[in-house]
Structures are given as structure tokens and as C-alpha cells.
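Working notes, beginning with the structure itself.
The values are calculated or read from the model by the stated rules, or taken from the named source; none is laboratory data. The structure displayed is predicted, hence computed values, not measured ones. No Cβ is skipped: glycine too gets one built from the backbone with ideal geometry, and neighbour counts run over all protein chains shown. What goes into the accessible areas is simple: the full protein's heavy atoms, side chains included, and nothing from ligands, DNA or RNA. Shrake-Rupley method; radii C 1.70, N 1.55, O 1.52, S 1.80 Å.
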Amino acid sequence: TFLDSKECNGELLNAYRRLNENSNKKQSILCEYFYKKIYELRNLSFEEFSHQCIKLIGAGEGLTPSGDDFLSGILASTYFINSNEMINFRKILSRNILSQLDKTTDISRAYLKHACEGRYMDGLIRLYNTVEIREDVDQILYEISALGHSSGTDLLVGLIFGLELGGMKE
């Protein structure tokens with residue numbers, strides 16, 4: 001998949017790759033931090049997850065830290081799986097994120113606020129619409145993954161993680 005591509009980068013992606021490969025290979029300190037956090041989040045209930053994942057707010061580097069991009073992707077996944085369970089998860093997660101916005105950058109604060117309110121960039125909307133009509137999404141995934149240094153990739157890792165959390169395996 002596109003996440004296996006060498007063109008996609010970022011410490012959060014490296015942590016996600018390691019998680020799925022069951023590898024013990026040591027990575028950077030930031031990668032190890034993300035690995036530990038997403039490993040812990042993987043098997044929590046929605047309620048526990050929405051309380052624990054706020055530890056990722058502001059984590060990482062950049063104008064929109066990787067943890068924030070990841071959380072935005074998870075919020076986006078709740079629209080891809082529009083079940084009552086995911087709608088309730090979205091409400092709890094949004095409430096918890098909004099209560100912790102002071103822990104991140106000004107730009108990311110606005111970005112997360114929009115995500116909590118269901119407002120996303122054009123690429124994610126195109127991805128959602130393309131998935132709905134069951135057309136190929138590779139080009140859109142590559143466009144999103146190219147955003148920022150690793151913001152697009154971190155967002156997509158969060159989206160995939162959220163889809164897996166909601167029961168979708170592909």
C-alpha cells in the first residue's frame with residue numbers, strides 16, 4: 001500500500017509500521033514514544049481510547065504536530081464508518097480533544113477544532129466520496145500523504161488506525 005512506500009515518511013508512520021510488523025528494531029526516541037502510545041491505544045474500548053489518546057495532543061514536531069494529525073485522521077475515520085457506535089465515539093473524542101487544545105500550537109488548535117466539527121480538507125472529502133463510489137483511491141492517498149513534512153502521512157495513519165479501531169481491516 002501507499003504507507004509501505006519509501007515516499008511516505010514520519011516518525012509516527014515508522015511507529016505504525018513497526019506495530020504492524022511486530023518488530024523490535026529500535027527507532028528514534030520520538031518513534032519509540034509514538035510506538036508505545038499507539039500500541040497502548042490499539043486494544044482499548046472507545047471510551048478508554050478517547051480519554052487516553054489526548055496524550056498525543058501536541059506530540060511531535062511541526063506546525064501541526066504528528067499526534068494532532070493522527071487524531072484528526074481518527075476523527076475522520078468516524079465519518080467513513082458512520083455507525084451509531086462511531087458517532088458516539090466521535091462525540092466523546094471531540095469533547096476530550098477540545099478540552100485539551102491549549103496543549104498544542106495555534107495552527108494545530110484550529111485544525112483540530114475543525115476536525116472535531118467535521119470540517120476537513122478537500123483531499124479527505126475527495127477520498128471519502130471516491131471510497132463511496134468504490135473507485136481507485138491511490139492518487140488521492142498519495143496527494144494527501146505529500147502534505148507537509150509528514151502531516152499528510154500522519155493524518156492517513158490516524159485514518160487507517162481509526163478504521164481498524166472501528167472494525168474495518170482494509
Computed over the range 18-170: relative contact order in percent, which uses C-alpha pairs under 8 Å that are six or more apart: 27 percent
Thr78 - accessible surface, heavy atoms, 1.4 Å probe, Å² rounded to 10: 0 Å²
Kirkwood-type radius of the range 69-170, with distances r between different C-alpha atoms, in Å: 13.8 Å
Under the Debye formula (equal points on every Cα, no solvent term), log10 I(q)/I(0) of the range 1-145 at q = 0.10, 0.15, 0.21 Å⁻¹: -0.35, -0.83, -1.52
In nm, spacing of pseudo-spin labels at Thr105 and Ile87 (7 Å Cα→C-beta vector): 3.5 nm
Simple spin-label estimate for Asp138 and Glu47 in nanometres, 7 Å along Cα-Cβ: 4.4 nm
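Hey, got the dipole for the chain? About the Cα centre, +1 on K and R Cβ, -1 on D and E Cβ, debye to the nearest 20?
On the way: 19 positive and 24 negative charges, 99 e Å.
So the magnitude is around 480 debye.
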The chain - accessible surface per residue (Å², probe 1.4 Å): 53 Å²
Fraction of accessible area attributable to carbon and sulfur, the chain (%, probe 1.4 Å): 51 percent
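What is the count of Lys pairs in the chain whose alpha carbons sit under 15 Å apart, if the two are 8 or more places apart or on different chains?
On the way: Lys25/Lys36; Lys26/Lys36; Lys36/Lys55; Lys37/Lys55; Lys55/Lys103; Lys91/Lys113; Lys103/Lys113.
Pairs that pass both the separation and distance tests number 7.
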Karplus (6.51, -1.76, 1.60) ³J(HN,Hα), θ = phi - 60°, over the range 100-117, in Hz, Gly and Pro reported as x: 10, 5, 5, 8, 10, 6, 4, 5, 5, 4, 5, 4, 5, 4, 4, 4, 5, 8
